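The values are calculated or read from the model by the stated rules, or taken from the named source; none is laboratory data. On a predicted model such as this, the values are computed, not experimentally measured, just so you know. Every residue, glycine as well, gets a Cβ built from its backbone with ideal geometry; the counts of neighbours run over all protein chains shown.
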Amino acid sequence: MNNLNLDLKKKFNNALASSSKAVVYHNSGLKKRLSELAESRQEHYLLGIKNTSQISKKLVDKLTEDQTFLLHTIDKMARGGRAVDPELINPLTLRVMTGSSSGGCLNILRGINDLAVGTDGGGSVLAPAASVSLSSLMAKGMGLQATNKRISTDNLEFRPGIGFISHDFKLCTLALKKILAPEQWALSKDVELNKDLTIALPEVKSVLLPQGEDMAAVTAEIEAELSDFNLNRINLKGSEDRKQAIQIIEKAFEQGNEIIITAEGPVDYYGYGDSVAGSFKIAEAAQKKSGKYLMRAANLVNATAVTIPTDRLGLAIVLLARPGIKNGFKVIKLAERLQKCYKRPELFARYFLKNYAEKENDFLGADNFDQYFE
């Protein structure tokens, strides 16, 4: 009997008992199927999909075709695709939740799902994941994108990228494998991180993070893992402005850098990075303290981007790669190496990743409440 599959019913019950707006729709008909899968030798995971027409049924069908991933919930999207969601609270920072893929993150933290699929226009996958110390992969640069163009809250035309959020980065890459064509995934075998790889890192003192730490000092912690590669420094001054961030990324790629690495956050802790509020002059200064830099521009330059949670609250290592399937696999393989440098606090894992899975923490379990009303 597979312990992971036994956990599926606990996750189902967590959704059943949830009164959170993060769950727009719960697939209650999945209960019988989960009971059957308890004896399965195959591993299964529960999936939430962002409540947006930009994620096609075809993509969801690909993801769930072999039932490795089971569609469990439709997850709340911040109204209007906004960068913050005033209707939800970040349970880690106790601030307003980062958007717009807000509900998907919360449903992972609450032990309802293992993976969330979201859309990213200007950081709407990367930023919420970073704000709650989850991993994410936004694969616009590998061809995963919505069909319709949109206009961002600061009047930039874009086509949203599709991305994944999880407590385990391996599930993000597994989801990618399900969606890419077999011949595309086969290219991953040809990709190696060799000494010719060129990586751009922040220039010292070019960005001071909201808590007063030099961004370059944070990325310096992972430089030992990057010693085999060619490292360059780039000036990130002004990168809290999205248009400036776009120019910085494009220039870095034009100069031959294949991957850009930053440290971003604490996301929406000291101030909110929200273009709607930021359009008022009084909120402009607070917006600059949001801790969001290149993550707000990754989709707009058609990059593949990854966030790696760190041991700092709401702060992530962000990696961006140039467009292209092979470039995407490079950044994924580098992220797999770098994530070993960080371990989230034990209390975070105990409370969010374990507590909700423990049946003894429930009074009865939501599926047993009916006995009182017979």
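Structure summary
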{"item": "Hits in segment 134-157 - residues which are out of contact with any strand residue (DSSP E or B) (no Cβ under 8 Å at 6 or more places or on another chain) and among the hydrophobic types (A, V, I, L, M, F, W, C)", "result": "Leu156"}
{"item": "Residue match in segment 312-332 (condition: of a type outside the set (Asp, Glu), part of a helix (DSSP H, G or I), crowded, with 24+ Cβ neighbours inside 10 Å and under 16 Å from the mean Cα position of the chain (by Cα))", "result": "yes"}
{"item": "Members of segment 83-113 found to be within 21 Å of Thr310 (Cα to Cα) and crowded, with 24+ Cβ neighbours inside 10 Å, listed by number", "result": "Met97, Thr98, Gly99, Ser101, Ser102, Gly104, Cys105, Leu106, Asn107, Ile108, Gly111"}
{"item": "Positions within segment 151-197 being modelled with pLDDT of 95 or more, closer than 24 Å to Gly103 by Cα and aromatic (Phe, Trp, Tyr), in sequence order", "result": "Phe164, Phe169"}
{"item": "Exclusive hit being of a type in the set (S, T, N, Q), closer than 27 Å to Lys10 by Cα, in contact with a Phe, Trp or Tyr (Cβ under 7 Å, 6 or more places away or on another chain) and surrounded by 23 or more Cβ atoms within 10 Å (Cβ to Cβ), set Thr73, Thr68", "result": "Thr73"}
{"item": "Leu134, sole failed condition from (1) under 29 Å from Leu353 (Cβ atoms); (2) of a type outside the set (Asp, Glu); (3) in contact with a Gly (Cβ under 8 Å, 6 or more places away or on another chain)", "result": "(3)"}
{"item": "Residue match in segment 139-162 (condition: assigned to a strand (DSSP E or B) and within 15 Å of Lys292 (Cα to Cα))", "result": "no"}
{"item": "Subset of segment 34-63 [under 18 Å from Gln145 (Cα atoms) and surrounded by 13 or more Cβ atoms within 10 Å (Cβ to Cβ)]", "result": "Gly48, Ile49, Lys50, Asn51, Thr52, Gln54, Ile55, Leu59, Val60, Lys62, Leu63"}
{"item": "Qualifying residues in segment 34-49 (those that are in a loop (DSSP other than H, G, I, E, B) and more than 17 Å from Phe164 (Cβ to Cβ)) - the one modelled with the highest pLDDT", "result": "Gln42"}
{"item": "Which listed residue is out of contact with any helix residue (DSSP H, G or I) (no Cβ under 7 Å at 6 or more places or on another chain), aliphatic (A, V, I, L, M) and surrounded by 13 or more Cβ atoms within 10 Å (Cβ to Cβ), from Leu193, Leu187, Leu171", "result": "Leu171"}
{"item": "Failed item in (1) under 19 Å from the mean Cα position of the chain (by Cα); (2) surrounded by fewer than 24 Cβ atoms within 10 Å (Cβ to Cβ), with Asn299 passing the rest", "result": "(2)"}
{"item": "Gly80, sole failed condition from (1) surrounded by 23 or more Cβ atoms within 10 Å (Cβ to Cβ); (2) part of a helix (DSSP H, G or I)", "result": "(1)"}
{"item": "Sole residue being out of contact with any Cys (no Cβ under 7 Å at 6 or more places or on another chain) and either among the hydroxyl-bearing types (Ser, Thr, Tyr) or at negative phi (or both), chosen from Asp268, Asp274", "result": "Asp274"}
{"item": "Test for Ser133: is it part of a loop (DSSP other than H, G, I, E, B), within 15 Å of the chain's Cα centre (by Cα) and more than 21 Å from Ser53 (Cα to Cα)", "result": "yes"}
{"item": "Residue check for Gln371: at pLDDT 95 or above and either assigned to a helix (DSSP H, G or I) or within 29 Å of Leu180 (Cα to Cα) (or both)", "result": "no"}
{"item": "Members of segment 138-194 found to be without any contact (Cβ under 8 Å) to a residue 24 or more places away in the chain, in contact with a Lys or Arg (Cβ under 9 Å, 6 or more places away or on another chain) and small (Gly, Ala, Ser), listed by number", "result": "none"}
{"item": "Residue satisfying condition, being small (Gly, Ala, Ser) and part of a helix (DSSP H, G or I), within set Gly104, Gly118", "result": "Gly104"}
{"item": "Among the candidates Thr73, Thr52, residue that is at pLDDT 95 or above, in contact with a strand residue (DSSP E or B) (Cβ under 9 Å, 6 or more places away or on another chain), among the β-branched types (Val, Ile, Thr) and assigned to a loop (DSSP other than H, G, I, E, B)", "result": "Thr52"}
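Let's see how each residue does on (1) more than 24 Å from Thr93 (Cβ to Cβ); (2) β-branched (Val, Ile, Thr); (3) in contact (Cβ under 8 Å) with a residue 24 or more places away in the chain; (4) surrounded by 15 or more Cβ atoms within 10 Å (Cβ to Cβ):
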| residue | (1), (2), (3), (4) |
| --- | --- |
| Ile222 | no, yes, yes, yes |
| Ala252 | yes, no, yes, yes |
| Ile259 | yes, yes, yes, yes |
| Ala263 | no, no, yes, yes |
| Tyr293 | no, no, yes, yes |
